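> Dumping the structure here so I can ask a few things about it.
Here, each number is a calculation from the coordinates, and none is a lab measurement. Because the structure is a prediction, the values reported are computed rather than measured.
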């Protein structure tokens, strides 16, 4: 190799990067200690950003397009280099290409079950998983906070940290939402948006942007799922008595179609009789219950209780007597033992009054027949 070719090879005049994979977020252009010459061509493709770094300090940023490197489009680098009047000689600088496309299908999931309190099942454990998409939102911040001087930075180097952030915020969100376990499947969209709003600010601290977040599945422990299946089965079966009769009838039909002979016939007949007996008992029990219910519905209401008997006290021959029932009072009035002037009293009265002033007793005097006329002398 001649001297001219060696000198020419030390100067870089074309700077570009073609992404050979789907997971590289940052790529440092390798110049192998060569210098970038004045007027070199910089090609930044769509979904790329080129960042010039001088001695560890971020300088100029180039958006997609074809750029000729001169003093005019390298103002920060010119200041750092001290190029007051422009430059004509080659210079050294690191060029980082930032991939700004969407990195999709990044997985997240709970390593351990999440404990939460549910209104239907009490304290339960659940797992969840899904995927998300992200992109570099602030290339300068991403280099400073995450990539650093890494010449080739891939998504695998940061997804573990992002996954931990997502799981922590997901746990908080699902606990605060208080959505019942049976209703979680109908609220995946709401949960996805709630978690995305919580996680987005933390992604921005790294210079990243969360563009999509999806909750694919939230699963319950097997024992809780079995309990849900049993509850669903009970709702489908409905009337347990009718279901048992149906099952017995199905078993009898299956036993009747059994072609086996000998002992199997005896066993089948025994099972058939037992099932028939069981079904008959169920039928009789249901029939008795229906008859009892019908008799209860047709039964006449009991008569009202008899009114309490009137109890009256009377002063006869200067002595208190009683209490006297109504029939006894009538007899005493007929026998003239009680007159209209006889003092009487009953419960609730303040004092004794003549018999004709107590309405209940006064009415009895009108019902007493007068004495019979005298018998004429013969």
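> Enter the per residue convex hull volume of segment 103-224, computed from alpha-carbon coordinates, in Å³ rounded to the nearest integer. Mind showing how you got there, number by number?
Working: hull volume 11.6 nm³, N = 122.
Roughly 95 Å³ of hull volume per residue.
> Express in nm, to one decimal, how much length is gained between residue 43 and residue 209 on full extension, taking 0.36 nm for each residue of separation and deducting their alpha carbon distance.
Values: separation 166, 0.36 × 166 = 59.76 nm, distance 2.47 nm.
Contour length minus the Cα-Cα distance gives 57.3 nm.
> Between residue 251 and residue 346, what length comes free when the chain is fully extended (0.36 nm per residue of separation minus the Cα-Cα distance, one decimal in nm)?
Details: separation 95, 0.36 × 95 = 34.20 nm, distance 7.66 nm.
Result for the pair: 26.5 nm of gain on full extension.
> Roughly speaking, what is the stretch gain from residue 127 to residue 92, that is 0.36 nm per residue apart minus the C-alpha to C-alpha distance, in nm to one decimal?
Details: separation 35, 0.36 × 35 = 12.60 nm, distance 5.22 nm.
Additional length available on full extension: 7.4 nm.
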